[in-house]
Amino acid sequence: MAQIREIKKRIKAVGNIQRITNTMQMIATARFKSAMDRATATKPYTEKVRGLVEELAANATDIKHPLFESPDPSPGRELVVVMTSNRGLCGAYNSNVLRTASHHLRAATSDSELEVVGKKGLAFFRFAGFDITQFHGQFGDKPVYADVEELADRYMADFIDGGYDRISLCYMRFISTGVQRPTVSTLLPLKPPVADEDGAGAGVGVQYDFSPDVETLLQDLLPITVKTALYQAFNDAVVSEQVARMVAMKAATDNAGKLGKTLKRTFNRARQAQITTELNEIIGGASGLD
């Protein structure tokens, strides 16, 4: 009888867990749709700005800009920005990003400074003994462009002032709903577009006359390129997080359903065994009276 009561408690507990994970799956699905819309809306602008920079570079004889070149003399220091989530229950999302970031930091040939986005990354690097220069907890599930712009301005100012040789981003790059890949990308210095033998950049087949001149336009466009690249990385990280949570909660819901069915079968067998035992006892007692 005690075993049957225990199985009934487990069935009830598994049912409660299944309802919770199913609710979390629906919430993650709604948040994924919202984050996906934001990431999709900003990506064409980011690509267009980059394409315009390529067109300008194709018409420039000699591109010189502090965002294109590492400081001289070299400070021998790299800034690594790691983007993780504030909450768990998103499968291997955080572990994949943190593993990639750890390998990058340990393989670095120069001194590294670490900035972390998300509470999960903060807890991990503190436990692992890494020194964290700064923690960013203000972004959440809906990064605001004004906040990202302020952060990008600081990065560009520190880079131009000779604070770092390179600024790298470690985040989960969103490729499709089924594919997200942990990536370490270089935010600064920017890679100058390379013109071909005809003087045209990649995908550029038309020569333009620019007013104002190319150098003046690049002064305005290159900072925008850095800001939009950083903002796109934040959006990709949020979308990837919601996809991972949606998949993890669906798997948890399915597993809870399977476990519930298994427990019900076990309960039915135990109940049947108990009934059989009681019948045998009744029959045995009746036989003893004869």
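Every read-out reported here was derived from the displayed coordinates using simple, explicitly stated rules and does not represent laboratory data. Please read all numbers here as calculations on a predicted model, not as lab measurements. A quick note on method: Cβ atoms are made from the backbone with ideal geometry, for glycine too, and the neighbour counts reach across all protein chains shown.
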(message) For ILE20, project a label point 7 Å along Cα to C-beta. Then give me every residue of the range 68-86 with its amide nitrogen under 15 Å of that point.
(response) none
(request) Go ahead and estimate [θ] at 222 nm for the chain from helices alone: -39,500 (n - 2.57) per DSSP H run with n ≥ 4, summed, over the residue count, rounded to 500. (result) -22000 deg cm²/dmol
(request) Among VAL214, ALA251, THR29, flag the residue with its Cα farthest along the positive direction of the charge dipole of the chain, charges on Cβ as +1 for Lys/Arg and -1 for Asp/Glu. (result) ALA251
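Peptides 216-224, 240-248: what's the order by average Cβ count within 10 Å, highest mean first?
Ranked by mean Cβ neighbours within 10 Å, highest first: 240-248, 216-224.
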(request) Could you list the residues of the range 270-290 with an amide nitrogen less than 19 Å from a label point located 7 Å from the Cα of GLN3 in the Cα-to-C-beta direction? (result) 270-282
(request) Take every Cα pair under 8 Å in the range 27-246 that's 6+ residues apart, average their separations, divide by the length, and report that relative contact order as a whole percent. (result) 35
(message) With angles folded into 0 to 90 degrees, how steeply does helix 214-289 sit against the dominant principal axis of the chain? Use alpha carbons for both and round to 10.
(response) 10
(request) Select from HIS136, HIS103, HIS65 the residue whose mean-square fluctuation is largest in a Gaussian network model of the chain (Cα-Cα springs shorter than 10 Å). (result) HIS103
(request) Quick one: dipole size for the range 21-168, taken about the Cα centre, charges +1 on Lys/Arg Cβ and -1 on Asp/Glu Cβ, in debye to the nearest 20. (result) 1040
(message) Could you give the length gained by full extension between GLN138 and ASP111, i.e. 0.36 nm per residue of separation minus their alpha carbon distance, to one decimal place?
(response) 7.1 nm
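From the alpha carbon gyration tensor of the range 27-246, can you work out the equivalent ellipsoid semi-axes (sqrt of 5 times each eigenvalue) and give them in Å, largest to smallest?
31, 22, 14
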(request) Calculate how steeply helix 145-160 sits against the longest principal axis of the alpha-carbon atoms of the chain, using the helix alpha-carbon long axis, and give the answer as 0 to 90 degrees to the nearest 10. (result) 50
(request) Work out how much length GLN219 to ALA286 would gain on full extension: take 0.36 nm times their residue separation and subtract the Cα-Cα distance, in nm to one decimal. (result) 14.0 nm
(request) With a point put 7 Å past each Cα toward its Cβ, work out how far ALA92 is from TYR145 in nm, to one decimal. (result) 3.6
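Taking the Cα centre of the chain as origin, sum charge times position over the Cβ atoms of Lys and Arg (+1) and Asp and Glu (-1), and report the length of that vector in debye to the nearest 20.
My answer is approximately 3100 debye.
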(request) Any chance you could give the angle, 0 to 90 degrees and rounded to 10, that helix 93-107 forms with the longest Cα principal axis of the chain? (result) 50
(request) Tally the DSSP beta bridges in the chain and give the antiparallel ones as a percent, rounded to 5. (result) 35
(request) Work out the charge dipole of the chain with +1 on the Cβ of Lys and Arg and -1 on the Cβ of Asp and Glu about the Cα centre, then indicate which of ASN268, GLY285, PRO66 is farthest towards its positive end. (result) GLY285
